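The values are calculated or read from the model by the stated rules, or taken from the named source; none is laboratory data. Note that the structure is a prediction, hence the values are computed from the model and not measured. Backbone-built Cβ (ideal geometry, glycine too); neighbour counts: all protein chains shown. Areas reflect the complete protein model, heavy atoms only, side chains present, ligands, DNA and RNA absent. Shrake-Rupley method; radii C 1.70, N 1.55, O 1.52, S 1.80 Å.
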Amino acid sequence: MDLDFLPEHGEFRKEVRAWIEDNFPKAIRDKQATGEHLNKEEILSWHKILYKKGWLTPSWPVEHGGTGWDAVRKYIFSEELARANTTGPSFGLGMIGPVLYTFGSDDQKENLLKPTLAGDIWWCQGYSEPGAGSDLAGLSTKAERFTGEDGKEYYKVNGQKTWTTQGHFADWGFFLVRTDPTAKKQEGITFLLIDMKTPGITVRPIITIDGGHEVNDTFLEDVIVPVENRIGEENKGWTVAKYLLGHERTGIAGVARSKRGIERLREVAAGQLADDGKPLIEDADFRRKVAELEVDLQALEYTELRTLAGESSGKGPGPEASLLKVKGTEVGQRLTELTLEAAGHYGEPYFRGFPKEGGNALPIGPDFAFKAGPGYFNMRKTSIFGGSNEIQRNIMAKAVLGL
């Protein structure tokens, strides 16, 4: 893997940085700085700006909207997006997109992939259930196949999904359903694409500990889905699901954003005083913890670069995706823990959903402090979503170590 930065890479970084500065909407930038949650329209506005530029999906094949950049340029681009504290594109793009262009039919690519890229379709993920989280293959949402009065084939879907991220925004969802209850767990699952406007779908909000509405419960009652909305073969959805999870776990690593987070942490710690009256960053114990975090992040960074290099040569995410997921979430959690430590007693007041849009209440202490507590608690979820870290360690033990 060649990680040398050539002169043209430096020019590319300048180009990307200047373009983001000129095109990332100031209203979104300001809202993110205050810790407010973005709405669907705000997220889509940046999505469409990236799409128009042709920079929305750098890792995809060129024929499906990719940029054709080498691994170094992709890495630089992700760094610059994080440096500017930009928001991501619409949810699911990096997961369902590769599934559609790899496994989808020509009609699915034409009718769903292209509008997804353009920002005209927003997706949600129907994987986890109340009784099937880490043991995802134990899902019970069922789909029964039948022939309609029009002579066409359909599925009737019944069940419940939970932690449906941004399901209240979604136009379509990708769902795992059980089509053969007599088969082994992984062998009786089918991957379906479902229009969220279909009668029988109810999305109920789950308000998280930081006061945000990000996830939902999704109920499906006699939801009718055409068979042509299936990805791959019936009862072979687990293969598609694993492929999708590989892309999801790679994205969860969040190296570039964690690097920016450490820079911000150092800035904060330089301005906060420890018990001895000196800047917190000069405290030996705190400085040691920051240094250990930076070492772990650097190791994670090189692992991510190896993955990017592999994808550039046509290799999809392998078992290393599990490693990226585990270490990426651990680094992110430690980062929020140190930020809360830097806030000190200013981080103790808990403001659920603060600040309120249009409100005139002001937080106590430095600007970063009121977000430290909610940020810390919200990050606890990351070691569970996308496949719990315990399960990821089992995957690595089997696939990498051969245990």
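As a test of reading the structure, rank THR34, THR198, THR239 by solvent-accessible area (1.4 Å probe, protein chains only), most first.
In descending accessible area the options line up as THR239, THR34, THR198.
Among the listed pairs LYS14/LYS325; LYS242/LYS325; LYS114/LYS325; LYS14/LYS327; LYS26/LYS74; LYS53/LYS74, those whose Cα-Cα separation exceeds 18 Å are LYS14/LYS325; LYS114/LYS325; LYS14/LYS327; LYS26/LYS74. Considering only GluC sites (Glu not before Pro) in DSSP loops that have at most 14 other Cβ atoms within 10 Å, the longest stretch of the chain without any of them is 1-148. So in the chain, what percent of DSSP beta bridges are antiparallel if you round to the nearest 5? Percent antiparallel among DSSP bridges in the chain is about 85. So if I average 1/r over every pair of distinct C-alpha atoms in the range 32-81 and take the inverse, what Kirkwood radius in Å does that give? Result for the range 32-81 stands at 12.2 Å. As a length-normalised measure over Cα pairs under 8 Å and 6 or more apart, the relative contact order of the chain settles at 14 percent. Taking the longest Cα principal axis of the chain as reference, the axis of helix 71-83 is set at about 60 degrees. Using a Debye calculation, one point per C-alpha and no hydration shell, please list log10 I(q)/I(0) for the range 96-241 at q = 0.13, 0.16, 0.19, 0.21 Å⁻¹ in order. Debye curve over Cα of the range 96-241, log10 I(q)/I(0) at q = 0.13, 0.16, 0.19, 0.21 Å⁻¹: -0.55, -0.85, -1.19, -1.42.
Principal-axis analysis of the Cα atoms of the chain puts helix 40-53 at an angle of about 90° to the longest axis.
With charges set only on the Cβ (+1 for Lys and Arg, -1 for Asp and Glu), what does the dipole of the range 172-218 come to about its Cα centre, in debye to the nearest 20? Mind showing how you got there, number by number?
Working: 5 positive and 6 negative charges, 38 e Å.
Rounded to the nearest 20 debye, it is 180 debye.
Distance check, please: which entries in LYS161/LYS185; LYS40/LYS381; LYS109/LYS185 exceed 19 angstrom between their Cα atoms? LYS40/LYS381; LYS109/LYS185, as the Cα separations exceed 19 Å there.
Between GLY277, GLY232, GLY347, the Gaussian network model of the chain with springs among Cα atoms under 10 angstrom shows the greatest mean-square fluctuation at GLY277. The share of alpha-carbon pairs in the chain lying farther apart than 40 Å comes to 18%. Between exposed chymotrypsin sites (Phe, Trp or Tyr not before Pro) in the chain, where DSSP calls loop and at most 14 other Cβ atoms lie within 10 Å, what's the longest gap? Of all site-free stretches, the longest is 6-349. Its Cα gyration tensor gives the range 1-110 an equivalent ellipsoid. The semi-axes, each the square root of 5 times an eigenvalue, are 24, 22, 11 Å from largest down. Where does helix 369-378 land angle-wise versus the long Cα axis of the chain, in degrees 0 to 90, nearest 10? Approximately 30 degrees, to the nearest ten.
Dividing the helix sum by the residues of the chain, where each DSSP H run of 4 or more adds -39500 (n - 2.57), gives a mean residue ellipticity at 222 nm of -14000 deg cm²/dmol.
If the viscosity is 0.692 mPa s and the temperature 37 °C, what Stokes-Einstein diffusion coefficient in µm²/s follows for the range 162-235 when Rh is the Kirkwood radius over Cα pairs? The calculation lands on 243 µm²/s.
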